[in-house]
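The values are calculated or read from the model by the stated rules, or taken from the named source; none is laboratory data. Note that the structure is predicted; figures quoted are calculated from it, not measured. Neighbour counts are summed over all protein chains in view; Cβ atoms, including those assigned to glycine, are modelled from backbone coordinates with ideal geometry. We work out accessible area using only protein heavy atoms, side chains counted, and drop any ligands, DNA or RNA first. Shrake-Rupley method; radii C 1.70, N 1.55, O 1.52, S 1.80 Å.
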Amino acid sequence: MSPSPHRAVAINVGANTSLPGFRGPIYPDGSFEYVPIPERESTDPDASVPTYGDLAASLRTPIPEELFDREVHLDPEFAGYPCCERYTYGDEHGVKAGPLSRLDPGDRLYFYATLSSVESTGGADSHDGNNWLPPEWGAFLIGHFEVEQSLTGEAYAELSPGERGPFANNAHVKRTEVDAAVFVLGTDESRLYDRAVPLSTPEAGSEANDLVTRLSNDSGRGPWWRRVLRFDPDAAGELAAVVRRRAHESTGGK
């Protein structure tokens, strides 16, 4: 396999046991749901900020009614997902903003989430001898952007109103103060996956598989499933092949 000419970075996103108190689910057939975290900052009163109640009708994940009026921080934004328009991501944290601001067009930004394993009920999605899903929870790639543009918050502030247009629906733009240290725009080749790609071993969610241990060069701080994972061009090519194979399997080889 020829190496990829591009690099890749993977970052953690989505609901977790701290925010809002539960994870999105993953099922034995590999399907899953991306559930965003709650919005923690004040938002522009003139902006249209979705709530968990707005998303509830489109999700099979049970959303507690007490969260229905809570605004969500819908970031990353995946075209085709409820209340999303394009593929955009913003981040105010330096540990992520640094590597993301150095992404070039054609590089990949992967998103991974911790998801709660849901046991098969014996229906059409059940797998005999299922041995790939970790008990209780695991970390999984859920989508990626093919990078069209990456820019710092300072560079965003210097754009004309028209140039800022692609980012208009991003959660950081809807805050009272636009606070992202980096913005990333994905091309139309970006996608939210139909089937998640495991980063945990089948034995335990806290154990990283070889996509992490062999291919990535991560930040080394905190639990691995919260870290920024970096992939050089050779490793990025291998990772892209795994993602393509997973997509091929999920469509029955079509």
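Taking each residue of segment 56-77 that is under 14 Å from A15 (Cβ atoms) and looking for partners that are open to solvent by 60 Å² or more (accessible area, probe 1.4 Å) with beta-carbon atoms closer than 9 Å, six or more apart or interchain, yields A56/P62; A56/E65; A56/F68; V72/D54; V72/C83; H73/R40; H73/E41; L74/C83. Looking only at segment 204-219, decide whether some residue is buried (at least 18 other Cβ atoms within 10 Å of the Cβ), outside any helix (DSSP H, G or I) and under 16 Å from the mean Cα position of the chain (by Cα). No, segment 204-219 contains no residue that is buried (at least 18 other Cβ atoms within 10 Å of the Cβ), outside any helix (DSSP H, G or I) and under 16 Å from the mean Cα position of the chain (by Cα). Being more than 20 Å from L192 (Cβ to Cβ), acidic (D, E) and assigned to a loop (DSSP other than H, G, I, E, B) is a property that E66 lacks. What are the pairs with Cβ atoms under 8 angstrom where one residue, in segment 164-176, is surrounded by fewer than 22 Cβ atoms within 10 Å (Cβ to Cβ) and the other, located anywhere, is part of a helix (DSSP H, G or I) and at pLDDT 95 or above? Sequence gap at least six, or different chains. Within 8 Å, the pairs are R164/Y156; V173/R164; V173/F167.
Of the residues making up segment 27-37, those that are surrounded by 20 or more Cβ atoms within 10 Å (Cβ to Cβ) and either of a type in the set (S, T, N, Q) or over 22 Å from E249 (Cα atoms) (or both) are V35, P36.
Residues that are out of contact with any Leu (no Cβ under 7 Å at 6 or more places or on another chain), among the hydrophobic types (A, V, I, L, M, F, W, C) and open to solvent by 20 Å² or more (accessible area, probe 1.4 Å) within segment 76-111 comprise A79, V95, listed in sequence order. Kindly indicate the residue of segment 232-254 that is outside any helix (DSSP H, G or I) and under 25 Å from S31 (Cα atoms) and also modelled with the lowest pLDDT among those meeting that condition. Filtering first and then ranking leaves K254. Might you check whether a residue that is surrounded by 17 or more Cβ atoms within 10 Å (Cβ to Cβ), modelled with pLDDT of 95 or more and among the charged types (D, E, K, R) occurs anywhere in segment 11-26? Among the residues of segment 11-26, at least one is surrounded by 17 or more Cβ atoms within 10 Å (Cβ to Cβ), modelled with pLDDT of 95 or more and among the charged types (D, E, K, R), which makes the answer yes.
Just give me the residues in segment 59-75 being surrounded by fewer than 15 Cβ atoms within 10 Å (Cβ to Cβ) and either over 23 Å from Y87 (Cα atoms) or modelled with pLDDT of 95 or more (or both), in sequence order.
First, the residues of segment 59-75 that are surrounded by fewer than 15 Cβ atoms within 10 Å (Cβ to Cβ): 60, 62, 64-66, 68-70.
Listed by number, the residues that qualify are P62, P64, E65, E66, F68, D69, R70.
Screening W132 against (1) in contact with a Pro (Cβ under 6 Å, 6 or more places away or on another chain); (2) aromatic (F, W, Y); (3) modelled with pLDDT of 95 or more leaves a single unmet condition, (3).
Residue pairs whose Cβ atoms lie under 7 Å apart, sitting 6 or more positions apart in sequence or on different chains, and linking a residue in segment 225-254 that is open to solvent by less than 40 Å² (accessible area, probe 1.4 Å) to a partner that is in a strand (DSSP E or B) and modelled with pLDDT under 90, are V228/D218; L229/D218. Based on what the data block shows, is L115 open to solvent by 10 Å² or more (accessible area, probe 1.4 Å) and over 29 Å from Y156 (Cα atoms)? Answer is no for this residue. For P25, are the conditions met, namely being over 30 Å from D234 (Cα atoms) and either without any contact (Cβ under 8 Å) to a residue 24 or more places away in the chain or in a loop (DSSP other than H, G, I, E, B) (or both)? No.
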